[in-house]
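This report concerns only the one structure given below.
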Amino acid sequence: MPTILIDIQHEMHTSDGKVMMEVCAEIPCQELLCIFGHSGAGKTTLLRMIAGLTTPHAGTIQVDDEVWFDSTRKINVIPQRRNIGFVFQDYALFPNMSIAEHLSYAQKHPNKAEVDELLCLFELEQLSDRKPHQLSGGQKQRVALARALAYKPSILLLDEPLSALDYEMRLELRAEIIKSHLHLGSTTLMVSHDIPEINELATQVMVLKGGKMVKMDTPNEVFKSHAHYRPLQ
């Protein structure tokens, strides 16, 4: 599993005007890192740059010995060649595909036994023939996580995956995120502004403020020394 090295600079356009994003970090393999900060801090932008969906203005992104981005050397590996799974806030499910078809479509090599295993893991066996419009928000979230795992990524990126759900469903699906992380044995990066959620899920927290990384440590250390932190809206 990969260690991620990030050293990037990127000009963001926010509601407060232009902000220069600067992040320099080493994320060890198999961490479940939560990225925390106010709106406009650059949380989603950082995920998108790792995924190759947004190009940094300068710097490098390296995963183990493989350079994914280097502005000086003009290297920018396309998203399809970066071994990542990305779960968006809106789940991005295909309306005409069943649950089982979503998982099969995501696989690099067709394997029905592995699809069945994921359906079982996320308690979706009885719903495998249903389309997204026939699912609840929590069920759609399970499908999105299962689909990301079906790709067998070395890095799993979660962009506030529980933000659209009610409180009880958020509590229930925290366990699904831990299950996904452990099942895959991946390095997982998750954007969240919910401190209880971060305390339960994260092994490390990266705090972004105005585009700058101001701290990276365990949840206990980050929030113990910053008593003014509250769940962000």
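The values are calculated or read from the model by the stated rules, or taken from the named source; none is laboratory data. Bear in mind that the values here come from a model prediction, so they are computed numbers and not experimental data. Cβ coordinates were reconstructed from backbone atoms using ideal geometry, including for glycine residues, and neighbour counts include every protein chain displayed.
One table, with the values for the structure above:
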quantity: Some residue of the range 97-112 being of a type in the set (A, V, I, L, M) and under 16 Å from the mean Cα position of the chain (by Cα); calculated: no
quantity: Within the range 204-225, considering residues that are within 16 Å of Asp194 (Cα to Cα) and exposed (fewer than 13 other Cβ atoms within 10 Å of the Cβ), the one modelled with the lowest pLDDT; calculated: Lys224
quantity: Single unsatisfied condition, Trp68 versus (1) more than 30 Å from Gln126 (Cβ to Cβ); (2) in contact with a Ser or Thr (Cβ under 9 Å, 6 or more places away or on another chain); (3) touching a residue at least 24 places away in the same chain (Cβ under 8 Å); (4) assigned to a strand (DSSP E or B); calculated: (3)
quantity: Count of the range 147-178 residues which are within 15 Å of the chain's Cα centre (by Cα) and among the acidic types (Asp, Glu); calculated: 3
quantity: Criterion: surrounded by fewer than 24 Cβ atoms within 10 Å (Cβ to Cβ), in contact with a strand residue (DSSP E or B) (Cβ under 6 Å, 6 or more places away or on another chain) and not basic (Lys, Arg) - qualifying residue of Pro153, Pro161, Pro132; calculated: Pro153
quantity: Subset of the range 71-124 (residues that are in contact (Cβ under 8 Å) with a residue 24 or more places away in the chain, acidic (Asp, Glu) and surrounded by 13 or more Cβ atoms within 10 Å (Cβ to Cβ)); calculated: Glu114
